[in-house]
Each structure stands twice: as structure tokens, then as C-alpha cells.
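The values are calculated or read from the model by the stated rules, or taken from the named source; none is laboratory data. Given the structure is predicted, the values throughout are model-derived calculations rather than measurements. Methodologically, a virtual Cβ is constructed for each residue, glycine included, from the backbone with ideal geometry; neighbour enumeration extends over all protein chains shown.
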């Protein structure tokens, strides 16, 4: 009886410790993201022009979920860790059986009128499970390879399933979330370096022995020769870069960027919304957006630092890692620093699954923030 | 509190400063990259983004017009409409089921009805259009427009435009095509245009052409040929291509990635000046040619299957009529009425044994027969071998060795004058025997036989003026007298084109000046300004004694005047014509399986008449060739008289109307 009521009692302190900076940062991102989506789809066909409305719906749904989560004591989430991980895995397996095939990979699952992307929900489940594991894996003064084995296994199963879809980008993000979280453990530097060394060896082997899909290999080759084959594999990356440069210092103005308005940006609402912003608002606008992301990630780290227990710290770090790696890979991809991997820009790209996933993460963060040491 | 007891955050805390440092550094790298792209390299990317949306659209130049001496338009341009459809839009039901779009009703049946396609055409197109959509690619043929009807009548175009909604997916494409108002009448002279072929294009645009600087390009490709361009294929259209072609212009337009024009005012300032260059229309040609005389030639030849007519001004070498039979319709073979018509026309014309595509006035060479006799006679007079008053006796046959040479009938006692008038072979055999082949050939060559005239419109045959050396070469030294005898009467190896014969007779008519035949009188700009006027060009003045020439022209008069002349039956005091008939044997070996009537036709003699009018002071030379016409006097001569009759009427009318 008392156990069941405890979370409700926690609502009161949640209101007292409401994290306004985090909330304002997220709100700013959502508003700018929706406006940018409006610009991104303004030149497109009629059906696409309605996308930003859909996005607003998703933001509202995600916002409500986040609000509920923020008002709950995050220690409740520990109980959901394994169940959500289990459901996530089942959904990932179901994708192979029931998934819709879009452009050569099955990533979607239709439930009634909804299409969900199980790989997105898996991110949250993974963060929860790893946080739970790190929470209990305490005590040892001498961290070694053995401490990393169980979390590695936990992450490897969903990552492998996602890469098999094939969705290299999300697989990469899952792996990086895992790495960011387990590195919280005080493993010696020498081990970190050794792991890094073997990782590089694996990457080399994958490239050398041709284990990538043709399109994946083509993308990396395209990245290595950015000005080559602009009409083919480099079309996306090239026109994204041109759009960003075309923005100049202050941009063309809202809904005026020529690369977007004249349809030179494919996937401008999913993986390439940033070039639209960069073209409309120039260097000033891009810097502002990058600053918001930097602020959010740093804020998440601060919340983690101030968390009163390992679960909260690991959870906040995981959510911070989710935002960080998504932002870095997406921005790196569109600016030509990294090869083209289909990674969304959090709360900026169109997509119900990713918006809700990101906002669930924000809900976790808000909850950890509300219940940290005062 | 299980959770609280297990909380040892201390282990994690050491990491966060490193994490924060990594985050800050990473975002700085991204900002740095953005600074590079948006500040340092901004100009380059701005330029590229501008290039992406600005397209130079070429504007075709109107091809120059061709007019005859009376101002009749022989070649010009007209608008033509092609109808194109987008398969995915006219037959949405043929698309894969998951490709849903805005166009949901099939409009093809309506479109086909409006275009007046036959049910067979409609259904075969429907199959092809459906097939185009059986792929899953984004940019497949399903979304590319396909031309389904070329050169569409105006009323169909109007209907399509008025009821655009019912014809969803069909577009009208306006183009300009060449038109020849007189059609087949001027076919061989004007030739026709066509789409530039790949071989020619490669010559003007070799590999790497696109990377050259524009002045380098102009050096290799001065006329600026591009794929799909219209070029002259044969005839005047080809020979005068450089004058007729003009220079294309361009206009800069704002275009999106899907190729659509965009007109938002916000972007128009991106168009740098100059934003357009107007095309320069091709220059117009004014010909010496007279379409009215050509009509008369065609009319006179109406009953014949094949042949040629040339009319040439005696004192200038200007060509007034140039007619080759059978003709073809240049409007069909230029592709102006659609590719299907073009293919069908060539399939019909190419195998035709009467060779309608051949310009028989210049490309075809034929034995001249007796029309050559005056030149053989002149050779005898010039070399003082021939005594004009000396009589020969014609008994119809003459024997040289064991070979018998024959005449049409026994002419009895003939001198030079009578021999020309009556076309007595025996007289000319005897003449040839004393004059020799090389002296005949020398005069023949001076009059242009065996040499291209230089009209330079269609490929010209040089014909052949045989010499002793020629025969020796061919028959390995076994020279026979018969060769000489045949040459004197325009048989054997001797051949000429009708145009050569006309200019040779013109030289007889004008006292010995051989002109370059000329068909283009002047070049006029599209605004009507005279750019270039062509004067008659003399090829050579033939050295000969006037009294010798006078004997020849007198003989030509007797052909009509003398009661025993071969063309006396046509004598008309109102139409003083002099000339020479010719009936030339053709060597024809019938092909296996050929029908008797066909073999009989092709082995019939060619009929010639070469005329000068008016006979006392010739203005015009007319040569008529009727292939396999059997008889010069009976078939070719009446045609020449009819044409000259028309000429006289036309020149009277013009003199009357002149101030």
C-alpha cells in the first residue's frame, strides 16, 4: 500500500524542482524544429506539406508522455527496464517477420493505423537496462574486461538485430550509447586503449573482407571522395553541403533557401532538416542550433553528475548520449565530416517514433533532475 | 530502501569532466566546419547553388527561306504540334498498387479518341504505356513523357487545350518544321532537311567537346550543332546549310531540380545580365530558278515514267528549271509529318527501280546519242579535216572490216548541214574515221563533257568523254576503230548528265562561253537586306572559228526548219527553235526472274532533245531526257517544244508587266 503510493507523493517535489533550463532548451528545439519542418516541406508536394502538423501531434503526444514521466520518481523506471527490453527485442524480431520493406530494408512495424520503428524504442529500453545493470554492478575497485562483458552482451543482441535490418545508423547509435554508459565504470585507461585498438582492427577487417552491404560500402566510398559521382551516391551529401554553404552568414530568410525551395535537398524532412535551417538562417542560425544541442547534452551530464544514485546518473548519461550521438552523426553527415548514415536529428527530423523516443528520454532526464540532490 | 543503499555515484563522477570536455570539443569541431562552409567557402557554394537553378535554354533559329526568281516561296518553316503523354498520368491503373498519386482516373482512352487514333493504335500504345510503369524506380519511363502523335492537326490541338482536364497527362509540344509549299515539284533541287545523324554529330562534337572553352568549340563546330538539330540532308538545303542555318540564341531561366520553370520574383534577381541572347534567323536565298517553268516541265513530262529536264539561260548559265522524274515529296522525307511517315516514305522510295531519290539532272549520266554529233562535227571543222560541202552517200549500212554499222535509213547524198538535220550516222562514221577520237574528245572536253559542271547542289557525275588512251587502258591495247565511230554519235563509253549537255548547248548558243551553272542568285538577310549577289561565272571561253560555229548552229536550225529534219514535224513559225534529237541505245542486261515487260521497258532507247530558243539569238537552252523513251524526235522533242512554248509565254508576260 505504502509502496504503491510513494510515486504519487513524489509529484509535489517534482513541481518544486522543475528543471526550467532543460525545459526551455527542449521547448526551443521543438518549436524551431517544427517551424523548420514547415519550411522544409513548403516547396514539396501537397501530401508532404501536412507533415509538420503531424509532427506537432507527435510533439504533443511525446510532451504529455514526458510530463507524466517527469512527475514520476525515476527509480520507478528501474522496474520497467527488463520488461521494456524484452518487449523491444520481441518487436525487433517481429520486424523481420511482419515488417514493411521500404527502400530495401525492413524497419517498420504496422500496428493498426500506426507505423512504429522498434529500433527507436529499443534505444530507450537499452538505456534503462544498462542503467539498471550499472546501478547494481558496483563495489569492485579494479574494473576489468569482465565488468564490460554483461553490458556488452545486453547491447550486442539488439544492435545485431538492428544492423541486420539493415539499419547501420541505429546500430551504431546503440553501440555508442552502450560505450558512453559503460565508460562511466572506472575501467583503467590501458583497457580503454586496448579496446579502441581492437575496434579499429575490426573496422579494418570489415572493410578489407567486404562484409558491408553494397550500398553501405558505396556511401563510405562516396564520403572518401566527396566531389565524385555527385549525380549518384554523393547526391545527398553534395547538395546538403551546397545548401549549408549557400546559407552564408545570415541565410536567405525563412522559406527562401534555394536548394530546398528548388527541390535539390532530398529527404529534407527526415535525415536532412539541418541544411534547410542552415540555408534559411545561415551561420547564425546553425550556431544557435548547435549551441542548443551542446547545452542539452551538457545539462544532461550535469544532471547525471548531481544524481543521488548510480541508476539516475547512468540514466541521465544514457539520454545525454542519445542526444549527443544523434546530433553529432547527423550534423557530421550533412556537413561532410562523416559518411552518410541515416541518423535523425533529435526533435528536428520528422518521425513519430523518434520524436516520442526522444521526449521519453527527456521525461527521464526531467525526473532525474527533479529528484537529484538538492 | 534498496536503491539508496546501492548508490555509489562516486565511481562515475570522475568521468563527467572528460565527457563534458569531449562534448564541448566535438561541438566546436562542428561549429568550425560550419564556419568553413558558411563563411569561408560561402561564395563557392552560393555560386554552385545558383548554377543549380539557372539554366540556359536555347532558342532555335528560324531556318532561312528559299524563293524563286518570281518571289514564290519554295521552302519555309511552319509550326507543328506533337502530343506527348506521361504513362503514369494517363494510365494510373497500370502503376504498381503501392504507387498512389493524385492522378487516379485513366484518361488514355479519351486522349486516343481525341487524337483520332485507330483502335489498333490505341491498344498497342496502351500496352506500351502500361509496360513503362511496370518498374518500381522513381525516375522510370512511367514518368517520362512519350510522343504519341506527331504533326497533329490544329483542330485536335485546340480540342486538347480546351478540355485539358479530360486529357490529364497529355501535353502539346510546339515545334517548328520545314515546309516545301511546292512539294515534289522542287524535290531534287531543294533537297530536304532531317535530324542530324550521330556520325555527323561526332565529327562536330568529338569526345571532350563539352570541356572545351567556347571559342575552341566554335572553331570545331562553327555552326553550333547539337543533338536533335535539323540539318540539310541533300540538295540546296545541304549545299547552302551554312547560310540557311542561322544561329541559335538562349535565355536564362530559373529551373528547379525537377526541370520546372519558376517565376517567383524573389529569385529573378539571380539572373545575371545579360539574361538572353536572341537567335539570329538564317539567311534567305533567292534563286534564278523559275517555279513556273518547272511546272511546265513537269506538265510536259507527265506521261513519262522517268527522265530529266534542264533549262538554262544561255548568256549567264543560270538554271531556270531542274526537273528529275520520278520525284518524291520532301515534306514526307524531312520528317515534318512524323517519323512514321518518314520511315514509310523511305521504305517505298529506296527500292523503287525508277530511282526517285536520284537527281537525274546531275547525278545520273547517260549516253547522249546523236545530241553529241554537233560537237564531233565541230571537231572536224576546227581541225580542217572536214570539208562541210563535201557529200557522203548513206546507204543505211557501212562495213568496217567484218563489222556492219548502220543508220536509221538510207539518207542518200548528205553534206554536213543535212547530216546534222537528218542525224545521219553514216556521215558521222566517215567523219570520225578521218578526224579521230582524240580530236573529238578535245572539243568535247572544251565543252565540258567528262567534267563536273560545278553546280554543287547534289553529287555530280562527271560523265565520260572517252579518248584513245581510255579505251586502250580498258581493252588492254586492242584499240578498235569502232570506238571512234561510236564516240562520234554519242554512244559506246560516252556518257553525259543532262546538265552538262545543257551547258554545252548554251555554249553553242552564246558563241563559245561555258558558264558555271548557277542556281542561287543572291543571299538576303532575314530582314530583306541584300547581302550577296552572285554574278555569272565563266568556266572558259572555247577557242573556235566563228564560221565553224555558224555552220553547226545552222545545222541545228535545219533540224527543225529543213523538211527532212528530224524535228521538222514540230516546226512552229511562232516558236523559232533549233536543236538536236538523240536516241541513245542503252546496254541493259535483264535480271533473272525479271518480268518480260520490265526487261522490255529497261532495254528501250533513251530519248533526248537538246534545244536552243530563239534560234536566231538563243536565250535559253533546254535539254529533255526521257529514259527509255524510244525516240528522240517523237517523244523528247515534243516535250522540249511544250516547255519552250511555256517559256515564251512566261517571258512575254514578264516583258509585258515590266514597266
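Structure summary
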{"read-out": "Every pair of residues 6+ apart whose Cβ atoms lie under 7 Å, when the first sits in the range B:381-409 and is in contact (Cβ under 8 Å) with a residue 60 or more places away in the chain while the second is surrounded by 16 or more Cβ atoms within 10 Å (Cβ to Cβ) and part of a strand (DSSP E or B)", "value": "B:405/B:398"}
{"read-out": "Residue B:36 vs. criteria more than 7 Å from chain A (Cβ to nearest Cβ) and either within 30 Å of residue B:524 (Cα to Cα) or touching a residue at least 12 places away in the same chain (Cβ under 8 Å) (or both)", "value": "no"}
{"read-out": "Verdict on residue A:362 being more than 11 Å from every other protein chain (Cβ to nearest Cβ) and modelled with pLDDT of 95 or more", "value": "yes"}
{"read-out": "Selection count where residues are closer than 18 Å to residue B:454 by Cβ and either in a loop (DSSP other than H, G, I, E, B) or not assigned by TED's automatic domain parsing to the domain that holds residue B:314 (or both), scope the range B:521-544", "value": "4"}
{"read-out": "Elements of type helices (runs of 4 or more DSSP H) in the range A:135-220, at least 3 residues being surrounded by fewer than 13 Cβ atoms within 10 Å (Cβ to Cβ)", "value": "A:145-164, A:189-208"}
{"read-out": "Failed item in (1) crowded, with 19+ Cβ neighbours inside 10 Å; (2) out of contact with any strand residue (DSSP E or B) (no Cβ under 6 Å at 6 or more places or on another chain), with residue B:183 passing the rest", "value": "(1)"}
{"read-out": "Of all residues in the range A:228-252 being modelled with pLDDT under 90 and more than 15 Å from residue B:49 (Cα to Cα), the one that is surrounded by the most Cβ atoms within 10 Å (Cβ to Cβ)", "value": "A:234"}
{"read-out": "Any hit, the range B:506-513, residues being closer than 30 Å to residue B:242 by Cβ, in contact with a helix residue (DSSP H, G or I) (Cβ under 7 Å, 6 or more places away or on another chain), modelled with pLDDT of 95 or more and surrounded by 13 or more Cβ atoms within 10 Å (Cβ to Cβ)", "value": "yes"}
{"read-out": "Residue within the range A:257-271 that is over 17 Å from the mean Cα position of the chain (by Cα), modelled with pLDDT under 90, more than 8 Å from every other protein chain (Cβ to nearest Cβ) and surrounded by fewer than 19 Cβ atoms within 10 Å (Cβ to Cβ) present", "value": "yes"}
{"read-out": "Check on residue B:226, in contact (Cβ under 8 Å) with a residue 60 or more places away in the chain and either over 18 Å from the mean Cα position of the chain (by Cα) or part of a loop (DSSP other than H, G, I, E, B) (or both)", "value": "yes"}
{"read-out": "Search result, residues across the range B:23-35 that are surrounded by 14 or more Cβ atoms within 10 Å (Cβ to Cβ) and more than 15 Å from residue A:243 (Cβ to Cβ)", "value": "B:23, B:26, B:27, B:29, B:30, B:31, B:35"}
{"read-out": "Flag if residue A:352 is more than 10 Å from chain B (Cβ to nearest Cβ) and surrounded by fewer than 24 Cβ atoms within 10 Å (Cβ to Cβ)", "value": "yes"}
{"read-out": "Test result for residue B:8, facing another protein chain (nearest Cβ under 10 Å) and not in a helix (DSSP H, G or I)", "value": "yes"}
{"read-out": "Any hit, the range A:310-319, residues being touching a helix residue (DSSP H, G or I) at 6+ places or on another chain (Cβ under 6 Å), over 17 Å from residue A:23 (Cα atoms), within 12 Å of chain B (Cβ to nearest Cβ) and outside any helix (DSSP H, G or I)", "value": "no"}
{"read-out": "Qualifying position, being within 14 Å of another protein chain (Cβ to nearest Cβ) and crowded, with 21+ Cβ neighbours inside 10 Å, among A:126, A:130", "value": "A:130"}
{"read-out": "Matching residues, the range B:354-391, being more than 21 Å from residue B:186 (Cα to Cα) and in a loop (DSSP other than H, G, I, E, B)", "value": "B:367, B:368, B:383, B:384, B:385, B:386, B:387, B:388, B:389, B:390, B:391"}
{"read-out": "Top-ranked residue in the range B:422-443 [being in contact with a strand residue (DSSP E or B) (Cβ under 9 Å, 6 or more places away or on another chain) and in a helix (DSSP H, G or I); ranked as nearest to residue B:376 (Cα to Cα)]", "value": "B:431"}
{"read-out": "Residue tally, condition under 23 Å from residue B:442 (Cβ atoms) and modelled with pLDDT under 90, over the range B:379-391", "value": "7"}
{"read-out": "The range B:322-350: number of residues that are surrounded by fewer than 22 Cβ atoms within 10 Å (Cβ to Cβ) and part of a loop (DSSP other than H, G, I, E, B)", "value": "7"}
{"read-out": "Hits in the range B:639-651 (condition: in contact with a helix residue (DSSP H, G or I) (Cβ under 6 Å, 6 or more places away or on another chain) and either modelled with pLDDT under 95 or not assigned by TED's automatic domain parsing to the domain that holds residue B:408 (or both))", "value": "B:650"}
{"read-out": "Residue that is away from every other protein chain (no Cβ under 12 Å) and either in a helix (DSSP H, G or I) or modelled with pLDDT of 90 or more (or both), where the choices are A:288, A:347, A:296", "value": "A:347"}
{"read-out": "Residues of the range A:231-250 satisfying the condition of being touching a helix residue (DSSP H, G or I) at 6+ places or on another chain (Cβ under 7 Å) and more than 9 Å from chain B (Cβ to nearest Cβ)", "value": "A:233, A:234, A:237, A:240, A:250"}
{"read-out": "Counted residues, the range B:333-378 - those being modelled with pLDDT of 95 or more and more than 25 Å from residue B:607 (Cα to Cα)", "value": "0"}
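Condition check ((1) exposed (fewer than 13 other Cβ atoms within 10 Å of the Cβ); (2) more than 14 Å from chain A (Cβ to nearest Cβ); (3) at pLDDT 85 or above; (4) part of a strand (DSSP E or B)) across all residues:
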residue: B:48; (1), (2), (3), (4): no, no, yes, no
residue: B:58; (1), (2), (3), (4): no, yes, no, yes
residue: B:63; (1), (2), (3), (4): no, yes, yes, no
residue: B:82; (1), (2), (3), (4): no, yes, yes, yes
residue: B:96; (1), (2), (3), (4): yes, no, no, no
residue: B:110; (1), (2), (3), (4): no, yes, yes, no
residue: B:125; (1), (2), (3), (4): no, yes, yes, no
residue: B:131; (1), (2), (3), (4): no, yes, no, no
